[in-house]
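A.B. asks: Once you've had a glance at the structure underneath, I'll fire off some questions.
The values are calculated or read from the model by the stated rules, or taken from the named source; none is laboratory data. Predicted model, so just to flag it, every value in this text is computed and none were measured. Note: ideal-geometry Cβ built from the backbone for every residue, glycine included; neighbour counts use all protein chains shown. Side chains included, ligands, DNA and RNA excluded: accessible areas come from the protein's heavy atoms. Shrake-Rupley method; radii C 1.70, N 1.55, O 1.52, S 1.80 Å.
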Amino acid sequence: MNLSQLENRVFFNEEGYRQLNQFLAEKNFSKIFILVDQNTHLHCLSSFLPKLETSIPIEVLEMEAGEANKTIETCNGIWQVLSELGADRKSVMINLGGGVVTDLGGFVAATFKRGISCIHFPTTLLGMVDAAIGGKNGVNLDGLKNQIGVIRPPEMVVLDTSFLQTLPAAEMRSGLAEMLKHGLIQNEDYWDRLSDLSNLDLSDLDSLIEESIEIKENVVQQDPTEQNLRKSLNFGHTLGHAIESYFLEASEKQKLLHGEAVAVGMVLAAYLSFRTESFPQEKLQEIKETIVSMYGQIEISREDQEKIIELLKFDKKNEAGKINFVLLRRIGEPVMDRQVTNELIYDAFSYYLDN
């Protein structure tokens with residue numbers, strides 16, 4: 001499948017800029033608003049702006065970087081600035097940044113004046129393979145992940161993979177976690193190639209990113225509103241989001257990137273799959289060894305675990321008070337809406353922490 005034919009219209013590198021400029025010329029927008037954070041303002045904006053071939057007035061809006069700022073308060077500030085700068089229904093917002101910028105910017109665009117046009121320009125690996133793809137937009141509520149949001153695809157997604165050269169190694173690993181997840185839920189061959197990074201180099205990255213996007217888009221197109229199959233994209237995220245939220249809010253803890261928390265969540269979910277879905281034990285051990293070798297092992301005490309389990313009740317996939325997990329029967333064969341006991345979750349943490 002050609003990515004240009006996909007619903008969200010995903011374009012790469014020079015072709016992406018060409019498509020973006022053509023789109024801006026065709027639509028004749030009244031004003032362009034570019035949302036950045038401090039990092040993309042510093043590292044990306046100066047090379048991005050000269051590639052916009054347009055006479056449409058441009059305004060740059062800057063938000064504070066980081067997951068802690070993915071809040072309705074930040075949205076409120078941006079809505080006010082949009083209003084003050086004369087944004088109207090014919091305006092377009094370009095979200096130039098990582099997952100926080102595209103998530104929040106997409107939500108701002110979807111709700112301002114009941115919706116203005118929106119283009120995602122992800123600059124992180126996580127943004128490219130996950131956050132900017134699929135049309136989910138939203139913000140956190142009291143530190144809880146993505147409690148407020150809408151599903152509304154952007155007009156297009158443009159990826160300039162040269163921006164990945166500006167990322168720290170930890171940010172690259174964060175994005176890699178979502179790519180590993182795509183392999184686990186859809187394609188064992190893809191998982192195998194990603195899990196042996198010694199055989200890969202940067203020249204392989206564009207094709208791996210494209211394949212990851214294609215996996216996600218194929219799922220999204222079959223189930224755009226997450227009634228069944230799209231839930232599989234949450235593998236590792238039920239506990240991963242709870243872990244991320246807990247480490248974000250606990251002042252004594254070092255904050256975890258999204259992919260770092262999801263990596264732990266995938267080991268835990270694989271163990272739960274082994275215990276409840278007959279997932280092969282040798283594959284469970286392979287997943288743990290691969291993830292620990294890439295991400296290290298996060299120390300999570302019994303007290304931490306209790307608080308993380310308490311946060312599970314806020315997961316947006318829950319129904320009628322039941323905590324729903326995505327598990328695996330085999331690599332590439334996910335099962336949705338599974339419930340497990342707290343005792344099994346504690347066992348999963350013990351397995352993860354066991355050296």
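A.B. asks: Between I94 and residues 5 or more places away or on another chain, which pairs have amide H atoms under 5 Å apart, with H built 1.01 Å from N, and which residues are they?
C.D. replies: Residues meeting the criterion, in which the H sits 1.01 Å from N, are F33, I34, L35, I119.
A.B. asks: What does the convex hull of the alpha-carbon atoms of the chain project to on average, in nm²?
C.D. replies: 16.9
A.B. asks: What does DSSP give for the chain in terms of the percent of beta bridges that are antiparallel, rounded to the nearest 5?
C.D. replies: Around 30 percent of the beta bridges assigned by DSSP in the chain are antiparallel ones.
A.B. asks: Using each residue's phi in region 234-239, evaluate 6.51 cos²θ - 1.76 cosθ + 1.60 at θ = phi - 60° and report the 3J(HN,Hα) Karplus result to the nearest Hz, with x for Gly and Pro.
C.D. replies: Calculated HN-Hα couplings, in order: 8, 4, x, 8, 4, 6 Hz.
A.B. asks: Additional query: With only alpha-carbon atoms in the gyration tensor, what are the semi-axes of the equivalent ellipsoid for region 181-312, in Å, largest first?
C.D. replies: Gyration-tensor ellipsoid for region 181-312: 25, 18, 16 Å.
A.B. asks: If you don't mind, there's one more thing I want to ask. For the chain, with all protein chains present and a 1.4 Å probe, just round the carbon and sulfur fraction of the accessible area to a whole percent.
C.D. replies: So the carbon and sulfur contribution to the accessible surface is 46 percent.
A.B. asks: Name the long-range amide H neighbours of T123: under 5 Å, sequence gap of 5 or more, or other chain; modelled H, no Pro or chain starts.
C.D. replies: It is G97, G98, by chain and number.
A.B. asks: Here's something else I'd like to know. Using only alpha carbon pairs under 8 Å that are at least six residues apart, calculate the relative contact order of region 229-353 and give it in whole percent.
C.D. replies: Computed value for region 229-353: 32 percent relative contact order.
A.B. asks: Separate question: Once the convex hull of the C-alpha atoms of region 252-355 is built, how many Å³ does it hold per residue, rounded to a whole number?
C.D. replies: 111
A.B. asks: Around F12, which amide H atoms from residues at least 5 apart in sequence, or from another chain, sit under 5 Å from its own amide H, with H modelled in the peptide plane?
C.D. replies: Under 5 Å from the amide H of F12 lie the amide H atoms of L159, each far enough along the sequence or on another chain.
A.B. asks: Nearest 10 degrees, 0 to 90: what angle lies between the long axis of helix 342-353 and the longest principal axis of the chain (Cα atoms)?
C.D. replies: 80
A.B. asks: With an 8 Å cut-off on Cα pairs and a minimum separation of 6 or more residues, tell me the relative contact order of region 59-143 in percent. Don't skip to the answer; put the middle values down first.
C.D. replies: On the way: 114 pairs, mean separation 27.6, N = 85.
Averaging sequence separation for qualifying contacts and normalising by length gives 32 percent for region 59-143.
A.B. asks: In whole angstrom, how far apart do the alpha carbon centroids of region 20-90 and region 269-319 sit?
C.D. replies: 38
A.B. asks: What order do you get for 89-98, 250-259, 108-117, 42-51 when each peptide is scored by the mean count of other beta carbon atoms within 10 Å, highest first?
C.D. replies: Numbers: 89-98: 24.6, 250-259: 15.8, 108-117: 18.8, 42-51: 13.6.
Going by the mean number of other Cβ atoms within 10 Å, highest first, we get 89-98, 108-117, 250-259, 42-51.
A.B. asks: Can you compute the charge dipole magnitude of the chain about its Cα centre, using +1 on each Lys and Arg Cβ and -1 on each Asp and Glu Cβ, nothing else charged? Give it in debye, rounded to the nearest 20. Could the numbers behind the result be given before it?
C.D. replies: Values: 33 positive and 53 negative charges, 227 e Å.
In total the dipole reaches around 1100 debye.
A.B. asks: Could you give the angle, 0 to 90 degrees to the nearest 10, between helix 13-27's Cα long axis and the longest principal axis of the Cα atoms of the chain?
C.D. replies: Approximately 50 degrees, to the nearest ten.
A.B. asks: HN-Hα J couplings of region 57-67 from phi, Karplus 6.51/-1.76/1.60, θ = phi - 60°, integer Hz, Gly and Pro as x?
C.D. replies: Along region 57-67, the couplings run x, 10, 10, 9, 10, 10, 10, 6, 7, x, 4 Hz.
A.B. asks: For the cross-link pairs K136/K181; K145/K317; K70/K255; K90/K231; K31/K51, which exceed 22 Å when the distance is taken from alpha carbon to alpha carbon?
C.D. replies: K90/K231
A.B. asks: Taking Cα atoms, how many degrees apart are the long axis of helix 281-295 and the longest axis of the chain, rounded to 10 and kept between 0 and 90?
C.D. replies: Around 50 degrees separate the two axes.
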